[in-house]
Amino acid sequence: MSDISFSEFMTARWAPLYRTAYLLTGDPHDAEDLLQSALVRTCARWDRIRDKRAADGYVRTAMANQLTNRWRRGGREVSRAELPEVGHDGGLGLRADHLALWAQVRSLPPRMRAVLVLRYFEDLSVEQTAAELGCSPGAVKSQTHNAIQRLRAELPEHDLVEELR
């Protein structure tokens, strides 16, 4: 896989990376923008990525960083008068309890949301999540704990850890 071209990587990994972007943003259009921006950064540095197997992590890190920077600059979610068009749901089921849970996950700050998506949906370890987000394992544990506490306060009837998987 070390000699894979960027276009081959993008073709093979678009769907799973889009799913992650969708879970991070909660909006199909924002997810595409986020993923495309991260892929542009990845393409520009493709020759410098020695282990192409780590390219997924590079893209996920770029998405999480862009989302955090956007949030810090004040680019938070905007309420709309009309509901957006129904599009690709990133592979989430349409069960009402999942929709309620993911609505609450989308309301979390970007860093907490990123930690939950990477830990529970992408099934990364604490250490892998810390490496992806460029923080300590303790910060990942703290963010996970705080995010789950917030979700439990909003959705007391859900078994959150099982729902997130």
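The values are calculated or read from the model by the stated rules, or taken from the named source; none is laboratory data. These numbers come from a predicted model, not from an experiment. Backbone-built Cβ (ideal geometry, glycine too); neighbour counts: all protein chains shown.
Go through the range 109-165 and tell me which helices (runs of 4 or more DSSP H), entirely inside it, have 2 or more residues that are modelled with pLDDT of 90 or more and surrounded by fewer than 18 Cβ atoms within 10 Å (Cβ to Cβ). Steps first, please.
Working: elements: 110-116, 126-133, 137-154, 160-164.
Helices (runs of 4 or more DSSP H) meeting the threshold: 126-133, 137-154.
Of the residues that sit in the range 40-58 and are aliphatic (A, V, I, L, M) and touching a Phe, Trp or Tyr at 6+ places or on another chain (Cβ under 9 Å), which one is farthest from R106 (Cα to Cα)?
First, the residues of the range 40-58 that are aliphatic (A, V, I, L, M): 40, 44, 49, 54-55.
Filter once more, keeping what is touching a Phe, Trp or Tyr at 6+ places or on another chain (Cβ under 9 Å): 49, 55.
On the way: I49: 31, A55: 25 Å.
Looking at the filtered set, the residue picked out is I49.
Just for the range 37-51: of the residues that are basic (K, R) and assigned to a helix (DSSP H, G or I), which one is nearest to Q66 (Cα to Cα)? Spell out how you get there, then give the answer.
As a first pass, look at the range 37-51 and keep what is basic (K, R): 41, 45, 48, 50.
Still in the list and also assigned to a helix (DSSP H, G or I): 41, 48.
Numbers: R41: 11, R48: 20 Å.
Per the criteria, the residue is R41.
Could you grab me the full set of residues in the range 1-36 that are not in a helix (DSSP H, G or I) and not acidic (D, E)? Step through it out loud before you land on a result.
Taking the range 1-36 first, the residues not in a helix (DSSP H, G or I) are 1-5, 26-27.
Answer for the range 1-36, where residues must be not in a helix (DSSP H, G or I) and not acidic (D, E): M1, S2, I4, S5, G26.
Here's the yes/no breakdown for (1) of a type outside the set (A, V, I, L, M); (2) in contact with a Pro (Cβ under 7 Å, 6 or more places away or on another chain); (3) in the same structural domain as T68 (by TED's automatic domain parsing); (4) more than 16 Å from Q66 (Cα to Cα):
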| residue | (1), (2), (3), (4) |
| --- | --- |
| A100 | no, no, no, yes |
| P109 | yes, no, no, no |
| E122 | yes, no, no, yes |
| L133 | no, no, no, no |
| P137 | yes, no, no, yes |
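Is at least one residue of the range 68-81 farther than 20 Å from C135 by Cβ and at pLDDT 85 or above? Quick ask: steps written out before the conclusion?
Taking the range 68-81 first, the residues farther than 20 Å from C135 by Cβ are 74-81.
With the extra rule that they be at pLDDT 85 or above, the set shrinks to none.
Checked against the condition, which is being farther than 20 Å from C135 by Cβ and at pLDDT 85 or above, the range 68-81 yields no hits at all.
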